[in-house]
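The numbers here are math on the coordinates, done by the rules we state, and not lab data. The structure presented is a predicted model; accordingly, all values stated were derived computationally and were not measured. Heads up, the Cβs are rebuilt from the backbone with ideal geometry, glycines too, and the neighbour counts pull from every protein chain shown.
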Amino acid sequence: MRITAITVQQRDANRVNVMVDGKYRFSLDITQVVDLGIKIGNEYDNDELRKLEDESQFGKLYARTLEYCLMRPHSSKEVRDYLYKKTLTKKVRNKRTGEIIDREGVSETITKRVYERLLEKDYINDEKFAKFWVENRNQRKGSSMRKLRNELMIKGVNAKFIDNALAESERDDIGELKKIIAKKANKYDEQKLIQYLARQGFSYDDIKSAISSD
C-alpha cells in the first residue's frame, strides 16, 4: 500500500491528512511527518500502517493533554484521571448516518506514552503544582491551611510536597481569616460568622483572635 497524498488540514495547519491508495487513512502533526519520514510514494504493509495509526492517536492525544496541562497546572493524579477517561468507550453519533455508535477509547499503551512524555517535559510536577495551588487558591477570598491541605490530598499530592508548599508560603490562617471577615462581616452576625469560618477549616482560637482584632 502506498501513500498517495499528504494534505494540510483546513481546521489545523499543524496537522496533515495522509491518503493511502487514494483514501484517507490517518492524520499526523507536522513534526511526526518529519520524524517518521512520511512521504508521498512510501509503501507500507498493514502492520506498518497500524503502527502509524497508533502514532496518529498518540499525537492527537498528546496535543489535547498538553492543552489541558497548560490551562492551569494539574496534579499527576488529575492528568492520569484525564487520560483514563480517554480509554473509555463512548456513545457518539455518526455524522453521516445519524446513528448512535460505540467509539472505542485510546489504548492504555498510548495514554502511558503521553503521560511519560509530559512527565519528561516537566508539564507534570506535583511539587510545583502544590506551590501553585497554595499561592493561588482563593487568594482574594481566603482559604485555611487545613482546607488547602485537604484539597491537595484529594488531588493525590504527596504529603511531603504539601508540607513544603505550606511551610514556604507567606499565607497564614490569621491573614486568610481577615480576608474572609472583610467580605462576610456584613452578611452574618458574629455567631454565624464563627460557624461559617469553622466550616472553612479555621481553628476556633484563630477565629476569635481575628474577629477581636478586626
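Build a GNM of the chain with springs between Cα atoms under 10 Å apart, and of 150, 138, 186 the one that fluctuates most is 186. With R₀ set to 41 Å, the beta-carbon distance separating residue 102 from residue 205 gives a calculated FRET efficiency near 0.10.
At R0 = 41 Å, how high is the FRET efficiency between residue 122 and residue 50 if r is their beta carbon distance? Nearest 0.05 is fine. The calculated FRET efficiency here is 0.85.
Each Lys and Arg Cβ is given +1 and each Asp and Glu Cβ -1; about its Cα centre, segment 127-170 then shows a dipole of about 220 debye. Computed over the chain with a Gaussian network model linking Cα atoms closer than 10 Å, the most mobile of 128, 51, 95 is 95. Which distance in Å, rounded to a whole number, links the C-alpha centroids of segment 194-214 and segment 100-160? Centre-to-centre distance over Cα atoms comes out at 30 Å. Each of 73, 200, 46 was placed along the dipole of the chain (beta-carbon charges, centred on the mean Cα), and the one lying farthest toward the positive end is 200. Spacing of the modelled spin labels on residue 8 and residue 112, each 7 Å from Cα toward Cβ, amounts to 3.8 nm.
So if each residue of separation counts as 0.36 nm, and I subtract the Cα-Cα distance between residue 81 and residue 93, what length gain in nm does that give? Before the final figure, lay out each step's value.
On the way: separation 12, 0.36 × 12 = 4.32 nm, distance 2.45 nm.
Difference between extended and current length: 1.9 nm.
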